[in-house]
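The values are calculated or read from the model by the stated rules, or taken from the named source; none is laboratory data. It should be emphasised that the depicted structure is a prediction, and the values quoted were computed from it without experimental measurement. Note that we place each Cβ from the backbone using ideal geometry, even for glycine, and neighbour counts take in every protein chain shown. Just so you know, the surface numbers come from the protein's heavy atoms only, side chains and all, with ligands and any DNA or RNA stripped out. Shrake-Rupley method; radii C 1.70, N 1.55, O 1.52, S 1.80 Å.
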Amino acid sequence: MPPSRPAGPSRPLGAIRYDNAGRVVLVTGGAQGIGLAICRAFVASGATVVCADILAESSDVPAEVKMYRTDTGNPVDCQAAVQWTIDQCGGLDVLVNNAAIQPPASYVPVDQLESELAERMVAINFMGYTNMAKHALRYMKQQGSGVVVNIASGQGDRTTRGVPIYGPLKAANILQAMQWAVEYARQGIRVVSVSPGAIETPLVRASLAAQGGAAALANRHPLGRIGQPEEIAAAVLWLSSPAASFVTGTDLVVDGGLSAFGAFAEPYTPE
Ligand SMILES: NC(=O)c1ccc[n+]([C@@H]2O[C@H](COP(=O)([O-])OP(=O)(O)OC[C@H]3O[C@@H](n4cnc5c(N)ncnc54)[C@H](O)[C@@H]3O)[C@@H](O)[C@H]2O)c1
């Protein structure tokens, strides 16, 4: 009998060391969940990190991270966050578009979707990414270098019930990255997206009931567990590094085999 292994990554993450000293990184929605893990990983690798979050402060965020209160659903806030980062930190090398919402009330068929909620999701999950990128790319273009990473989702490639607005907006995050990649490639800028499977964050905890509970969600992943935010941060660090210098316009799926399994959705049972 092989020895039993603990659930979770089999080796400690961070075995790969990145040197981000001198680089400025702007992460939206970095006060908790995946964004928080991304902020921590960049800080640990020496980067200057700004967290643009609707929360003005968070005790979880490392003291080195500069917090800038931002509602990415507001175009004026997006421009201000990018400008503040450049002014305070002397540049902008990496933008991570991560802030998105998926309120439990959005887990309904489209005919029951409240228009106001849908519009708020479009404003944050789609236009927020666009407006942050618009201002960041203007600066990166002059600088002649930069990386933009859009945090998308497996639900942007395949679908399941109850994501009539979240899923299509996540598909848009993948296409945004491809489009910007093509547009800015000759200016030294790379743009990619990352599509996580289910990751243990407040967003997922809030949606567990809609996903059939924790055990059912874990079982849908061939690795038999959901992912940890640090496992998405690890992908973002690699994609932002010179080790990924020939990677642009692509989507990296980090989902414990969920999409390969072909069982992304629960078995279809007609009502
Ligand atoms: N957790 C998962 O399983 C999962 C799976 C696939 C994709 N994703 C994507 O990963 C990203 C992060 O998800 P998460 O699970 O960490 O979410 P989360 O809800 O745990 O954290 C989101 C963060 O964004 C901030 N935020 C919310 N609205 C904002 C706004 N208008 N402006 C600025 N900040 C705002 C919140 O304060 C919070 O800090 C999202 O793009 C999400 O769609 C998550």
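Go through region 161-177 and give me each residue that's of a type outside the set (Phe, Trp, Tyr) and under 15 Å from the mean Cα position of the chain (by Cα). Let's see the steps before the verdict.
Taking region 161-177 first, the residues of a type outside the set (Phe, Trp, Tyr) are 161-165, 167-177.
Within region 161-177, Gly167, Leu169, Lys170, Ala171, Ala172, Asn173, Ile174, Leu175, Gln176, Ala177 qualify.
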For region 162-271, which fully contained helices (runs of 4 or more DSSP H) count at least 3 residues that are of a type outside the set (A, V, I, L, M) and crowded, with 19+ Cβ neighbours inside 10 Å? 166-184, 229-240
Residue satisfying all of: in region 46-70; near the ligand (Cβ under 10 Å from one of its atoms) and in contact (Cβ under 8 Å) with a residue 40 or more places away in the chain; surrounded by the fewest Cβ atoms within 10 Å (Cβ to Cβ) among these: Ile54
So which residues in region 129-171 are of a type in the set (A, V, I, L, M, F, W, C) and within 15 Å of Gly249 (Cβ to Cβ), if there are any at all? Ala133, Leu137, Val147, Val148, Val149, Ala152
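Is it the case, given these coordinates, that Ala21 is among the small types (Gly, Ala, Ser), free of Cβ contacts under 8 Å to residues at least 24 places away in the same chain and outside any helix (DSSP H, G or I)? Can you show your working first?
Numbers: among the small types (Gly, Ala, Ser): yes; free of Cβ contacts under 8 Å to residues at least 24 places away in the same chain: no; outside any helix (DSSP H, G or I): yes.
Against the criterion (among the small types (Gly, Ala, Ser), free of Cβ contacts under 8 Å to residues at least 24 places away in the same chain and outside any helix (DSSP H, G or I)), Ala21 does not qualify.
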On the given criteria, is Gly73 over 19 Å from Ile38 (Cβ atoms) and open to solvent by 30 Å² or more (accessible area, probe 1.4 Å)? no
Which of (1) under 21 Å from Cys78 (Cβ atoms); (2) within 20 Å of the chain's Cα centre (by Cα) is the odd one out, the single condition Leu208 does not satisfy? (1)
Tally, over region 187-222, of residues that are touching a helix residue (DSSP H, G or I) at 6+ places or on another chain (Cβ under 6 Å), more than 15 Å from the ligand (Cβ to nearest atom) and touching a residue at least 40 places away in the same chain (Cβ under 8 Å): 3
Any residue at all in region 28-45 that's out of contact with any Leu (no Cβ under 7 Å at 6 or more places or on another chain), within 13 Å of the ligand (Cβ to nearest atom) and more than 22 Å from Ser193 (Cβ to Cβ)? no
If I go through region 137-159 residue by residue, how many of them are crowded, with 16+ Cβ neighbours inside 10 Å and under 27 Å from Ser106 (Cβ atoms)? 11
Flagged in region 80-95 as touching a helix residue (DSSP H, G or I) at 6+ places or on another chain (Cβ under 9 Å) and buried (at least 17 other Cβ atoms within 10 Å of the Cβ), in numbering order, are Ala81, Val82, Thr85, Ile86, Leu92, Asp93, Val94, Leu95
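If a residue must be assigned to a helix (DSSP H, G or I), away from the ligand (no atom under 12 Å from the Cβ) and surrounded by 14 or more Cβ atoms within 10 Å (Cβ to Cβ), how many such residues does region 96-121 contain?
In the first step, residues of region 96-121 are kept if they are assigned to a helix (DSSP H, G or I); the result is 104-106, 110-112, 115-121.
Narrowing further to those that are away from the ligand (no atom under 12 Å from the Cβ): 105, 110-112, 115-119.
Those still in the list that are surrounded by 14 or more Cβ atoms within 10 Å (Cβ to Cβ) too: 117-118.
Here the count works out to 2.
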Return the residue satisfying two criteria in turn: it lies in region 122-156 and is more than 11 Å from the ligand (Cβ to nearest atom) and part of a loop (DSSP other than H, G, I, E, B), and of such residues it is farthest from the chain's Cα centre (by Cα). Gly144
